[in-house]
1. Which one is modelled with the highest pLDDT among residues in the range 177-209 that are more than 27 Å from LEU41 (Cβ to Cβ) and of a type in the set (S, T, N, Q)?
2. Does the range 261-283 contain any residue that is of a type outside the set (Ser, Thr, Tyr) and closer than 22 Å to SER68 by Cβ?
3. Within the range 120-130, does at least one residue satisfy the condition of being within 24 Å of VAL55 (Cβ to Cβ), open to solvent by 40 Å² or more (accessible area, probe 1.4 Å) and not aliphatic (A, V, I, L, M)?
4. Of the residues in the range 130-185, how many are free of Cβ contacts under 8 Å to residues at least 24 places away in the same chain, of a type in the set (A, V, I, L, M) and in contact with a Phe, Trp or Tyr (Cβ under 9 Å, 6 or more places away or on another chain)?
5. Take the residues in the range 251-278 that are without any contact (Cβ under 8 Å) to a residue 40 or more places away in the chain and part of a loop (DSSP other than H, G, I, E, B), then tell me which one is surrounded by the most Cβ atoms within 10 Å (Cβ to Cβ).
6. Can you go through ILE173, ILE183 and tell me which one is open to solvent by 30 Å² or more (accessible area, probe 1.4 Å) and over 18 Å from the mean Cα position of the chain (by Cα)?
7. Restricting to the range 210-228, name every residue that is modelled with pLDDT of 95 or more and either small (Gly, Ala, Ser) or not in a helix (DSSP H, G or I) (or both).
8. Hey, among PHE283, PHE246, PHE295, which residue is open to solvent by 20 Å² or more (accessible area, probe 1.4 Å), aromatic (Phe, Trp, Tyr) and touching a residue at least 12 places away in the same chain (Cβ under 8 Å)?
Amino acid sequence: MAEEGKDRQDASTKRITRKGGTRPRPGRGQLSLVEHALCPLDTAVSLNEGFVHEVEYLYADGNRHTKSAKVKILCPSGLSPSDEFYLWGLLALTFQQPEPSGDFYATPHYVLKELDCLEAGSERTKGGKNYRDFRQSLARLSEVTYKNERFYDPIRGEHRDVSFGFLKYSLPIDANSARAWRIVWDVQFFEFCKVTGGYLLFDLDTYRELDFASRRLFLTLKKIFHRCSVSPIYEIRHICINVLGFAPGMELKHHKAKLARCAEKLAEREIIELPEAGVKGLFEKKGVGSYTIQFRRGRYFEKPQAM
């Protein structure tokens, strides 16, 4: 199967550009979940019934020792990288309410308009592609079970063995119905996303402009650059497979090339600062078939609009 297009940005989540610009829109991620890929980038793999994604990520324990955590994500109807956009966007809209709760009511037009995914006048085509994509994404997200043997619980301040879902829903069958859709957040997931130290705020428009792999790298580094000017040193295969979601069977040279393209896109937006040697200078050879990479915080984080 050809590699081209597998990790391409889904048009349904692209920003609709209008004259006069739009106000900055926040996204809201969960801190532990942005440490790793929720599914592979290749939808030919991830969008299959009964799909199970197993991944691991690195974290520092209370003694600053590096540990690894294993994650299993059960996706009965599969999962797409584009689903992450709706997950983080819906969380942000939920917490923008005057009194956020685990029940979020809104019409799909309101949600898609707030997420800047609709052309003007699209309220007349409620059965259009954007609405169908949104409904299908909710269906997939509602079936996910997330299991993590070392999840950092921000409420209790310790790593715990956890299992939770994301959301459930109640939607009108009639696509032309004017009644609100109901999103019911998983209680435990909602608590983790609500408490200080459990969530990550980010610029949803910057996120949307990126391809799927670069989106994931952006959120991972956004979490790190909040407190450090440089990232940890990543082993190439680890960051490409576990963090970004590239295929594990891919040759190292292809992993390097794809990671370099992600770095270039972040550098264009000054999210990272490149060394004098450019993108190639980010990579360091450690041995035969072994490379590492480290990122430095860019000027993007000096701007007031950078959340």
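The values are calculated or read from the model by the stated rules, or taken from the named source; none is laboratory data. Small disclaimer: the values here were computed from a predicted structure and weren't measured. Using ideal geometry, Cβ is built from the backbone for each residue, glycine included, and neighbour counts are taken over all protein chains shown. The area values use the complete protein model at the heavy-atom level, side chains included, leaving out ligands, DNA and RNA. Shrake-Rupley method; radii C 1.70, N 1.55, O 1.52, S 1.80 Å.
1. Taking the range 177-209 first, the residues more than 27 Å from LEU41 (Cβ to Cβ) are 177-182, 184, 187-188, 190-191, 194-197.
Now drop any that are not of a type in the set (S, T, N, Q), which leaves 177, 188, 196.
On the way: SER177: 86, GLN188: 97, THR196: 89.
Restricting to residues being more than 27 Å from LEU41 (Cβ to Cβ) and of a type in the set (S, T, N, Q), the top hit is GLN188.
2. In the first step, residues of the range 261-283 are kept if they are of a type outside the set (Ser, Thr, Tyr); the result is 261-283.
Cutting the leftovers down to closer than 22 Å to SER68 by Cβ gives us none.
The answer is no, given that none of the residues of the range 261-283 is of a type outside the set (Ser, Thr, Tyr) and closer than 22 Å to SER68 by Cβ.
3. Here is the first cut: in the range 120-130, the residues within 24 Å of VAL55 (Cβ to Cβ) are none.
No, the conditions are met nowhere in the range 120-130.
4. Here the count works out to 0.
5. This residue is LEU274.
6. Details: ILE183 fails: open to solvent by 30 Å² or more (accessible area, probe 1.4 Å).
Sole residue among the options that is open to solvent by 30 Å² or more (accessible area, probe 1.4 Å) and over 18 Å from the mean Cα position of the chain (by Cα): ILE173.
7. LEU210, ASP211, ALA213, SER214
8. On the way: PHE246 fails: open to solvent by 20 Å² or more (accessible area, probe 1.4 Å); PHE295 fails: open to solvent by 20 Å² or more (accessible area, probe 1.4 Å).
Matching residue, one of PHE283, PHE246, PHE295: PHE283.
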